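Shown next, in structure tokens, is the structure this report addresses.
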Amino acid sequence: MTVVGFISHKYMDNYDFEKIFENGDRYFAIILESCLDFFPKDKKKFFSKIYAISDKLCSDGPLVKFGYEEIKRIVTKEMTLNFKEEPFSLICIDEINISLIGRLRDELGIPGPSESLTSKFQDKLIMKKALENTGVRIPKYENFSKEKIENAALDYYCYLTNVFGLPFVLKPRAYAGSFGVFIVNNVDDFMGFLSKQIYCTLEYEVEEFIDGNLYHTDIVLKDGKVIFIETCQYTYPNHLFAKGKIIASLVLQENEDLKKKLDAHAILAVETLGKVNGTYHVEQFVNANGNIFFLEAAVRPAGISIAYMYEEMYGINLFTLDLASKLGRDISFHRIPNLYCLQASVPYQHPFLEKINKQSFKSKISRLWISNPIKSDQKSSSIVDIAAKFLLSSDQYADINFDFHSLL
């Protein structure tokens, strides 16, 4: 028997508990009160208790950070329900809360990734520092200085352009989904960023701008071994979703040299940061010279429809595989031969929405979800504001590759 606490209200639909749940297991979930009605009805039968905490006890913003003391109170209560001798696990796939759960494990003596380890995957500054001089190529970076802004903003801008050149990147140190990312091309961009004063509430870093194609590598580790790895190319970086770009990812062919290099670079990064059982989502740039640059890594399954894309190819969802690896349970899966996929998310302001049902693809649309209703003046401010999502699949790589490039 194992007690498993899910501290997240997102992606519950992705889990196939039938493949994981064993007699005697106890599952409980901690979710937002405002999300209680959206908890999948067919999943509730696996949960002994679903705790709904007030949204007022959590930080407000695009990503919700749970209140630590309330989470601690509930988890402590669960630990006292005659389960002291049973294995106890906490599962959190919300990047904004992963370090908080690491702290909770440390304080309550719960097995699993510690706060010091999870911080390496949440705080981008800590992450890059841990990868210095390790063989993982990282962009130039440094902490964003609020003090230098207050003293002389223009002087600080000149300093940053001397160090990083133009453009350079400003991004929150511990956020996800490209929230709050700014590309600074000139002094007006810089002053515009300052005028928004987001840096007053979020810690920021400055990073070298890498001009190239963006890829993501998804890895599952179990007992120190890689049991799943796939690499995909993005159409665009996620921050361009708010600019009206379709964010899609195409699985690379197994025998591609670039895939092998990206796989190896991602595995080195994950192992350097501190491998534990579970899933990793690693993003990497490849510039015009073919150099691979590590961008960031998350210790969680990828969001949007990436897990469903892999489910199409393997018959198992990445969240289910993540849970199995964390609980140390064996689960069989294999890649379906000669099946290639891509997943795509469409922003509200993209003209593709008007013709999505008429769009002719060489590949087959295997899944399609369209927001209802769609307002003509609605715009996506981030990757969470999705108007439509779809999956394409084909047994011909040339066809799926053609469709991918048609989305650019």
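The values are calculated or read from the model by the stated rules, or taken from the named source; none is laboratory data. As the structure is a prediction and not an experimental result, all values here were calculated from the model. FYI the Cβ positions are ideal-geometry reconstructions off the backbone, even for glycines, and counts take in every protein chain you see.
Laid out as a table, the results:
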quantity	calculated
Given (1) in contact (Cβ under 8 Å) with a residue 40 or more places away in the chain; (2) touching a Gly at 6+ places or on another chain (Cβ under 8 Å); (3) part of a helix (DSSP H, G or I), number of the condition ARG105 does not satisfy	(1)
Candidate set from the stretch 196-217 (those that are among the β-branched types (Val, Ile, Thr) and part of a loop (DSSP other than H, G, I, E, B)); member that is nearest to ILE365 (Cα to Cα)	ILE210
Single residue of the stretch 214-266 satisfying the filter (among the aliphatic types (A, V, I, L, M) and free of Cβ contacts under 8 Å to residues at least 12 places away in the same chain) that is nearest to TYR310 (Cα to Cα)	ALA264
Any pair with Cβ under 8 angstrom, 6 or more apart, that starts in the stretch 2-23 at a residue that is of a type in the set (Lys, Arg) and ends at one that is surrounded by 22 or more Cβ atoms within 10 Å (Cβ to Cβ) and assigned to a loop (DSSP other than H, G, I, E, B)	LYS10/ILE93
Residue that is farthest from ASP330 (Cα to Cα) [pool: residues in the stretch 20-49 that are touching a helix residue (DSSP H, G or I) at 6+ places or on another chain (Cβ under 9 Å) and among the aliphatic types (A, V, I, L, M)]	LEU32
Leading residue by the ranking (surrounded by the fewest Cβ atoms within 10 Å (Cβ to Cβ)) among those in the stretch 13-35 that are small (Gly, Ala, Ser) and in contact with a strand residue (DSSP E or B) (Cβ under 9 Å, 6 or more places away or on another chain)	SER34
Qualifying residue in the stretch 36-59 (condition: over 23 Å from THR320 (Cα atoms) and crowded, with 17+ Cβ neighbours inside 10 Å)	yes
Residue list for the stretch 21-44, filter: aliphatic (A, V, I, L, M) and out of contact with any Phe, Trp or Tyr (no Cβ under 9 Å at 6 or more places or on another chain)	LEU36
Residue in the stretch 109-125 that is at pLDDT below 95 and over 19 Å from TYR280 (Cα atoms) present	yes
In the stretch 264-288, residue surrounded by the fewest Cβ atoms within 10 Å (Cβ to Cβ) [restricted to those that are among the polar types (S, T, N, Q) and touching a strand residue (DSSP E or B) at 6+ places or on another chain (Cβ under 9 Å)]	ASN287
Any hit, the stretch 273-281, residues being modelled with pLDDT of 95 or more, under 21 Å from TYR310 (Cβ atoms) and of a type in the set (Lys, Arg)	no
Contacts under 9 angstrom Cβ, first residue in the stretch 154-170 being in a helix (DSSP H, G or I), partner of a type in the set (Ser, Thr, Tyr) and surrounded by 14 or more Cβ atoms within 10 Å (Cβ to Cβ), 6 or more apart	TYR156/SER145; PHE164/TYR141
Members of the stretch 1-37 found to be under 25 Å from TYR308 (Cβ atoms) and of a type in the set (Ser, Thr, Tyr), listed by number	SER8, TYR11, TYR15, TYR27, SER34
The stretch 308-337, residues that are crowded, with 16+ Cβ neighbours inside 10 Å and part of a loop (DSSP other than H, G, I, E, B)	ILE316, ASN317, ILE331, PHE333
Residue selected from the stretch 127-153 under the condition part of a helix (DSSP H, G or I) and at pLDDT below 95, by the criterion nearest to LYS77 (Cα to Cα)	LYS146
Residue list for the stretch 35-47, filter: over 24 Å from the mean Cα position of the chain (by Cα) and closer than 15 Å to ILE91 by Cβ	PHE46, PHE47
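A quick yes/no check of all residues on (1) surrounded by 22 or more Cβ atoms within 10 Å (Cβ to Cβ); (2) closer than 22 Å to ILE138 by Cβ; (3) in the same structural domain as SER345 (by TED's automatic domain parsing); (4) touching a strand residue (DSSP E or B) at 6+ places or on another chain (Cβ under 8 Å):
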position: ILE183; (1), (2), (3), (4): no, yes, no, yes
position: MET191; (1), (2), (3), (4): no, no, no, no
position: CYS200; (1), (2), (3), (4): no, no, no, no
position: ASP218; (1), (2), (3), (4): yes, yes, yes, yes
